[in-house]
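Notes for the one structure printed next.
Please treat every number below as a calculation from the coordinates, not as lab data. These figures come from a predicted structure and were not determined experimentally. When we count neighbours, we look across all protein chains shown, and the Cβ atoms used for this are built from the backbone with ideal geometry, even at glycine.
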Amino acid sequence: MKDKPASRIQDYLVFGEFGGVNPSITDSSTFTFMSAEKMAEIFQQEIEGCYLYSRHMNPMNKFLSDALALLENTESAHVTASGMGAISTTLLQICQQGDEIVSSRTIYGGTFALMKNFFPRLGINTKFVNILDSDEVEAAITPNTKVIYCETMSNPMLELADIPALKEIALRHDCKLVVDNTFTPMLISPKNLGADIVVHSLTKFINGASDAVGGAVCADHDFIASLKDVNSGAIMLLGPTLDSLRAASILKNLRTLHVRMNQHSKNASFIARQLERIGIKVVYPGLRSHPQHQLMRRFLNPGFGWGGMVTIDVQSDEIANKLLPLMQNNLVGYFAVSLGFYKTLFSSPSHSTSSEIPEDMQHEIGMSGSLIRFSFGLDFEIGRTFERLVECLAEVGLVNEDSLMKAHQIADNMN
Ligand SMILES: *Cc1c(COP(=O)(O)O)cnc(C)c1O
């Protein structure tokens, strides 16, 4: 029987000194040696179980990296100090001056800004395309293209990339397919669908506590080794090293990711369905109305649902600006960027995490100030959360008395 990502992580055993059930944190930046030859040897090539200096690797970062490789079913992985640290080093490892990237135009604002504004300084240019249109993707590729880049589920539009189709294009043109799986850990395994390299912001669902920033690159042995090469590795030389104390806490949180993803999905799915029923314009991949609903069904690892992310369109910037603090005051959750927290988080991407994307392009992809993105939390009584949310929607005039009554009934019936 093929084992599943949650089970692979469950069976990943690392013990602490004295038989601790959690690995001991090695709180050292440098490590002692008994022989000069050994030090020289390890400087040139990593040896399993031997450590030299913590930027290269340290025990806790190795444990977390190995667990993430199991999550994504890749040969290897390496953790970084942030998601951007993982994305920037991955792209810089592959691309040199004169190379090109073909990227989805609906991606995290920071990644967009990196490609649009920063990489051109290094002679690396990016063409942004509608990733759902295979012909457009292929037409953008030139002999200089080295990378096709996308997010499994895009931020914030929640579109699903057809990873197997992109893999075929990448193969035809000898490009690497790099996929950001931050929105769908556990749910979808991009490597199994054809991604060469999977990147993550651990800051979001994987850590789930909104207390740490981290990232990871999951790929084959050769690519991870190239990132860590002392002479030419982007991670080694640019130095986005995750602190080992943080790695320890992220690893412990990773152990409950499957339970959390399931609960995030249940709650998001409930709210999305109910909102759709009362006539709110809602986007959730688990809804039949989502254009890639069937595509995502093909990709899903069973048992974790359709994810915790939902967007709604509230018709105008003014309503959005009223609604965001209102929902916070009415205890729906927190008006904050980021996602994957145990509390519900909501924000207006157009004015925050996607503000790097110019207005005309936002318009093209269907994003505007009236779009609100939710990351639904682990709420125990989601009917109660729904009721509170509808109270806010009623206050700004988006739903009528009738819908408000229905929401009260739904919440009552669930109690
Ligand atoms: C947050 C995020 C990132 C960046 O991660 P950081 O940990 O903040 O550096 C990249 N991609 C996606 C999809 C994100 O949501």
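Pairing the Cα long axis of helix 382-395 with the longest principal axis of the chain, what angle in degrees results, from 0 to 90 and rounded to the nearest 10? In the chain, helix 382-395 runs at an angle near 60 degrees to the longest axis.
Nearest 10 degrees, 0 to 90: what angle lies between the long axis of helix 163-172 and the longest principal axis of the chain (Cα atoms)? Compared with the principal axis, the helix lies near 40 degrees. Normalising the Debye intensity of the range 258-414 to I(0), with uniform scatterers on Cα atoms only, and taking log10 at q = 0.18 Å⁻¹ returns -1.14.
Taking label points 7 Å from Cα along the Cα-to-Cβ direction, Leu13 and Met405 give a separation of 6.2 nm. When only alpha carbons are used to place a centre, the range 314-338 and the range 362-415 end up 11 Å from one another.
Based on the Stokes-Einstein relation at 10 °C and a viscosity of 1.306 mPa s, and on the Kirkwood radius from alpha carbon pairs, the chain is assigned a translational diffusion coefficient of 71 µm²/s.
For the range 1-50 versus the range 57-116, the inter-centroid distance based on Cα atoms is 21 Å.
Annotation: lysines with alpha-carbon distance below 30 angstrom to Lys167 (same-chain offsets under eight excluded): Lys2, Lys4, Lys62, Lys116, Lys127, Lys146, Lys176, Lys191, Lys204, Lys228. For the range 189-238, the equivalent ellipsoid derived from the Cα gyration tensor has semi-axes of 22, 17, 6 Å, listed largest first. The GNM of the chain, with springs linking C-alpha atoms under 10 angstrom apart, assigns the highest mean-square fluctuation among Glu401, Glu138, Glu72 to Glu401. What separates the Cα centres of the range 224-296 and the range 125-189 is a distance of 17 Å.
Volume per residue for the range 156-245 equals 130 cubic angstrom (convex hull of Cα atoms). Placing +1 on each Lys and Arg Cβ and -1 on each Asp and Glu Cβ, with no other charges, gives the range 14-63 a dipole about its Cα centre of roughly 120 debye. Sum up the charges of everything whose Cβ sits under 11 Å from the Cβ of Glu100, counting Lys and Arg as +1 and Asp and Glu as -1, but leave Glu100 out. Taking every Cβ under 11 Å from that of Glu100, the sum is +1.
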